[in-house]
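**Student:** Handing you this structure, nothing more for now.
The values are calculated or read from the model by the stated rules, or taken from the named source; none is laboratory data. All of these numbers come straight from a predicted model, not from anything done at the bench. Note that we place each Cβ from the backbone using ideal geometry, even for glycine, and neighbour counts take in every protein chain shown.
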Amino acid sequence: MMPNGVTSTDEKPSASGAPASWREGPGRRRLKLILVRLGIFLAVAASLRYFHWRVLDTMNPAAMWFSYLFLAAEALNFLETALFFFTVWKPSYHVPPAPLPDRTVDVFITTYDESLSLLRETAVCAVSMRYPHQTYILDDGNRPEVRELARELGCGYFARAERTHAKAGNLNNALAKTEGEFIVTLDADHVPMPDFIDHVIGFFPTQPWRSSKPRRISTIWILSSI
């Protein structure tokens, strides 16, 4: 029997880290903004020229209502595009708060029947995140090759004989066997950046969320960001 109730088939990982990831500097952001605004200007100019041509040269006198119907549809499409241009014209850049020091973080990678190559990419990126943490592969498929992958990469490995409550049950099983104050959950096709934990952990309260009575998960919400 190993620590945290992990048996001989549930290997305990070691904390891992990676060099600081490359971030965009102000100069590069300014260059991207200039290129974006140039593209917007050209797109709007071309669209206005197009609508000038549509109104003056393509309206069908024999079926004006039909021409106006198509023109209205195109105008609506242009309006939606213009709203998108408005949102990217002046983007906001938020500086994340400083990471909380000396906190314990567990990273859970849930899997069932995803390909080993896909899972490997996610696991490699997970163990390479810079903030000290422990990575676990939660294998509801109970596959020997996934157990071997976890051993190879130094990840913890949990498998269940019964897949009760599917993904939520998989996470609850791991929560009962780990002690991290903060939890990062990843699907098998999620590839985290090396500084992901550094960017998000500062937004959480300084008090750990775990208590003497473990929380249980009944619903899974997946949040994606670009």
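**Student:** So for the stretch 154-163 (the condition being within 22 Å of Ala98 (Cα to Cα), touching a residue at least 12 places away in the same chain (Cβ under 8 Å), buried (at least 17 other Cβ atoms within 10 Å of the Cβ) and of a type outside the set (Asp, Glu)), does at least one residue qualify?
**Tutor:** The answer is no; no qualifying residue exists.
**Student:** Another one. If I filter the stretch 202-212 for residues that are modelled with pLDDT under 90 and not in a loop (DSSP other than H, G, I, E, B), do I get at least one hit?
**Tutor:** The answer is yes; a qualifying residue exists.
**Student:** Could you tell me which residue of the stretch 90-128 is farthest from the chain's Cα centre (by Cα), considering only residues that are of a type in the set (S, T, N, Q) and surrounded by 15 or more Cβ atoms within 10 Å (Cβ to Cβ)?
**Tutor:** Thr104
**Student:** Would you be able to tell me the number of residues in the stretch 56-87 that are of a type in the set (Val, Ile, Thr) and surrounded by 12 or more Cβ atoms within 10 Å (Cβ to Cβ)?
**Tutor:** The qualifying residues number 1.
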